[in-house]
1. Taking E89 as the residue in question, decide whether it is within 30 Å of D376 (Cβ to Cβ), touching a helix residue (DSSP H, G or I) at 6+ places or on another chain (Cβ under 7 Å) and among the charged types (D, E, K, R).
2. Identify, please: which residue in the stretch 110-133 is more than 18 Å from M145 (Cα to Cα) and part of a loop (DSSP other than H, G, I, E, B) and is, among those, most open to solvent (accessible area, probe 1.4 Å)?
3. Among the candidates E89, E61, E54, E105, single out the residue that is open to solvent by 60 Å² or more (accessible area, probe 1.4 Å) and either more than 30 Å from Y192 (Cα to Cα) or at pLDDT 95 or above (or both).
4. Give the stretch 313-342 a look and list any residue that's out of contact with any Ser or Thr (no Cβ under 7 Å at 6 or more places or on another chain), outside any strand (DSSP E or B) and not acidic (D, E), or say none.
5. Kindly provide the set of residues from the stretch 149-190 that are open to solvent by 50 Å² or more (accessible area, probe 1.4 Å), without any contact (Cβ under 8 Å) to a residue 60 or more places away in the chain and of a type in the set (V, I, T), ordered by number.
6. Against the condition surrounded by 15 or more Cβ atoms within 10 Å (Cβ to Cβ), under 28 Å from A254 (Cβ atoms) and over 17 Å from the mean Cα position of the chain (by Cα), how does F347 come out, does it pass?
7. Given the structure, is I295 part of a strand (DSSP E or B) and either open to solvent by less than 30 Å² (accessible area, probe 1.4 Å) or modelled with pLDDT under 95 (or both)?
8. Within the stretch 298-335, restricting attention to residues that are more than 24 Å from P28 (Cβ to Cβ) and among the basic types (K, R), which residue is least open to solvent (accessible area, probe 1.4 Å)?
Amino acid sequence: MNFDFRNYLKKYPDKNGYFGEYGGVYLPDDLAKALKEVDEAYKTIAHSAEFISELRRIRKEFQGRPTPVYHCKNLSQELGTTQIYLKREDLNHTGAHKLNHCMGEGLLAKYMGMKKLIAETGAGQHGVALATAAAFFGLECEIHMGEVDIKKQAPNVARMKLLGAKVVPVTHGLKTLKEAVDSAFDAYVKDYKNSIYCIGSVVGPHPFPLMVRDFQSVVGDEARSQFKEMTGYLPDAVVAAIGGGSNAMGIFSAFLEDPVDIYGVEPLGKSTKLGDHAASLTYGEKGIMHGFESIMLKDENGEPAPVYSVASGLDYPSTGPEHAFLKDIGRVKYEAITDDEAIDAFFKLSRMEGIIPAIESSHALAYALKLAKQEDNPGFVLVNLSGRGDKDMDYVLENYPDRI
């Protein structure tokens with residue numbers, strides 16, 4: 001790999017929002033103009049001492065950061081020589097990494113004088129986090145969520161409503177994450193002068209992939225420092241689940257310049273058949289959707305293909321443009337894990353460490369367990385445990401009763 005990673009985070013994306021050939025803004029002129037204002041506000045406000053100081057205060061006093069790095073002693077002992085460590089984003093307020101960028105986006109909206117936050121959600125963690133941010137900053141909140149995910153993630157739907165958010169059920173198409181994004185975008189187009197669209201991952205048109213990565217980089221910055229303090233070393237491998245890819249870019253960003261193997265783990269679902277998985281980087285091709293260009297799964301007409309995953313937060317037919325770029329240049333290896341493998345990891349961590357993970361995070365853990373079984377297995381593996389599994393318990397109890 002002959003790529004100069006010095007100052008990578010400052011060089012990418014470029015001024016037009018591209019990571020190599022991926023990214024950009026593919027939107028109607030009015031909406032592109034609105035996002036240009038968001039971009040300019042972010043570059044101006046977010047780098048001011050006042051903004052940074054306030055965000056740091058919020059992270060410490062409200063979110064409970066830093067979250068710890070934890071050594072899975074029982075699990076590691078069973079594996080043999082590989083030692084598994086977790087970055088405990090499940091202990092971040094609201095139970096996942098999502099609050100990291102939601103509080104940043106909420107603070108930005110407040111500084112811009114906006115009155116409303118609009119977003120989509122799949123697993124519901126982004127919706128809960130944004131509803132939390134809206135309550136904190138005194139803003140209105142509207143969350144669009146597919147009917148299928150509303151049924152799967154009932155606890156998070158209840159949380160959003162308790163926090164004062166309006167939950168909009170999405171009833172068209174597959175009624176999951178892709179359709180929720182469509183619906184949220186439509187709502188934003190109608191009210192972009194008073195609202196800010198707080199996208200839930202490192203996807204969407206510029207500047208969202210940049211903003212979300214920047215706000216999530218706190219995960220990697222903390223983890224790198226904590227791991228080195230605990231062990232005296234850097235991890236041999238860093239692993240994170242990939243849907244849109246926010247938790248992954250959050251932890252990957254701190255290790256891109258280091259001699260560390262990095263793995264992004266996609267959902268392989270039930271099989272490699274189109275419609276049975278959501279492994280866009282593994283099986284997709286270049287395409288444009290939701291205002292940005294990346295790698296996406298397409299149907300026979302070149303439209304976004306139907307996707308599936310046991311994890312509601314991973315069933316999206318594309319992924320962040322930066323992930324597509326990092327795959328192209330060979331810095332990150334992208335692998336895929338099936339539903340069954342993820343559920344096995346879900347139960348293993350629950351029973352061996354007393355930590356119930358989100359099914360999304362279980363994909364990353366499942367791949368870490370695979371790495372540990374290889375002949376040339378790594379010594380230290382750091383997994384981003386991006387969320388807790390409270391939201392998934394009813395679904396798991398109903399669909400995997402034989403495992404209880």
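1. On the way: within 30 Å of D376 (Cβ to Cβ): yes; touching a helix residue (DSSP H, G or I) at 6+ places or on another chain (Cβ under 7 Å): yes; among the charged types (D, E, K, R): yes.
Criteria met by E89.
2. From the stretch 110-133, those more than 18 Å from M145 (Cα to Cα) are 110-115; that's our starting set.
Remaining after also requiring part of a loop (DSSP other than H, G, I, E, B): 113-115.
On the way: G113: 51, M114: 27, K115: 120 Å².
Selected residue: K115.
3. From the options E89, E61, E54, E105, the qualifying one is E61.
4. G313, L314, Y316, H323, F325, L326, K327, I329, G330, R331, V332
5. Result: T171, single match.
6. On the way: surrounded by 15 or more Cβ atoms within 10 Å (Cβ to Cβ): yes; under 28 Å from A254 (Cβ atoms): no; over 17 Å from the mean Cα position of the chain (by Cα): yes.
No, not satisfied.
7. Answer is yes for this residue.
8. Only one residue fits best here, namely R331.
The values are calculated or read from the model by the stated rules, or taken from the named source; none is laboratory data. Keep in mind that what you see is a predicted model, and the values were worked out from it rather than measured. Neighbour counts run over all protein chains shown; Cβ positions are idealised from the backbone, glycine included. Heads up: the accessible areas ignore ligands, DNA and RNA and are worked out on the full protein's heavy atoms, side chains in. Shrake-Rupley method; radii C 1.70, N 1.55, O 1.52, S 1.80 Å.
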